Amino acid sequence: MAGVFITFEGGDGSGKTTQINLLASWLEARGKNVVLTREPGGTDLGNELRDIVMHRAGFIAPRAEALLYAADRSHHIATLVRPALERGDIVLQDRYLDSSVAYQGAGRVLDPDEVRELSLWATERLMPQLTVLLDVPASIAKDRQAQTERAYDRLEAEAEDFHTRVRESYLALAAAEPERFLVIDGRRPIEEIHQLILEKVSDLVG
């Protein structure tokens, strides 16, 4: 594939959306074709699945939840991401399989290796060239979310210990694959974070 696949990870309130938009603007100003997308969601089917896993009232069994995320991911990669990469586009994606390992694995206390393998099977083992992890302590992320006016989704509404487990899982994933991950302290100034991302991305996109 000729394109570049870059994913952004981190807890809710870590600043992913801000940094994705800044990077997209920088790339487009240099004549690059950029596709912005997210998981769950990104396609019509994905948005329906997103509504179920993030906003449905009541209990969803952890394994069922993991399978719903994997279904969304499989369709999203097959119908949107792979075609974009084959065109030579740069795909900037808010969350990918690392989110499932962190949230459904560590957060829901499922086997992280099984969750990861499920996503790899669903996506025919597609991996990003770069994953930007914006690391923010759970307490700070919660304070940031409290300053927004929108309602929390099912995962955001979980207790702080859930989000602490998620953060620890992300850091463990990054430590295991340092060549893929760029870990940045999400408490740093927005422009400083952006510049750190540009230093890494410039090597990938030329």
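The values are calculated or read from the model by the stated rules, or taken from the named source; none is laboratory data. Since the model is a prediction, treat every value here as computed from it, not as a measurement. Because the Cβ atoms are built from the backbone with ideal geometry, glycine has one as well, and the counts that use them run over all protein chains shown.
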Revision key, fill the gap. Condition set outside any loop (DSSP other than H, G, I, E, B) and among the β-branched types (Val, Ile, Thr), scope the stretch 99-144, selection surrounded by the most Cβ atoms within 10 Å (Cβ to Cβ): answer is Val101
Check your understanding: Of these, Ser139, Ser119, which one is at pLDDT below 95 and of a type in the set (Ser, Thr, Tyr)?
Key -> Ser139
Check your understanding: Restricting attention to the stretch 56-74, does a residue exist that is touching a residue at least 24 places away in the same chain (Cβ under 8 Å), closer than 25 Å to Asn21 by Cβ, over 13 Å from the mean Cα position of the chain (by Cα) and surrounded by fewer than 19 Cβ atoms within 10 Å (Cβ to Cβ)?
Key -> no
Revision key, fill the gap. Within the stretch 14-29, residues buried (at least 16 other Cβ atoms within 10 Å of the Cβ) and either part of a helix (DSSP H, G or I) or of a type in the set (Val, Ile, Thr) (or both) come out as Lys16, Gln19, Ile20, Leu22, Leu23, Ala24, Trp26, Leu27
Review point. Exactly one of (1) part of a helix (DSSP H, G or I); (2) small (Gly, Ala, Ser); (3) within 15 Å of the chain's Cα centre (by Cα); (4) closer than 19 Å to Arg116 by Cβ is unmet by Gly11. Its number?
Key: (1)
Check your understanding: If Lys32 satisfies every condition in (1) over 27 Å from Pro189 (Cα atoms); (2) assigned to a loop (DSSP other than H, G, I, E, B) but one, which is the exception?
Key -> (1)
**Study point:** Pair list, Cβ under 6 Å, 6 or more apart: the stretch 83-103 residue over 27 Å from Pro178 (Cβ atoms), other residue not β-branched (Val, Ile, Thr)
**Key:** Glu86/Met1; Gly88/Ala2; Gly88/Gly3
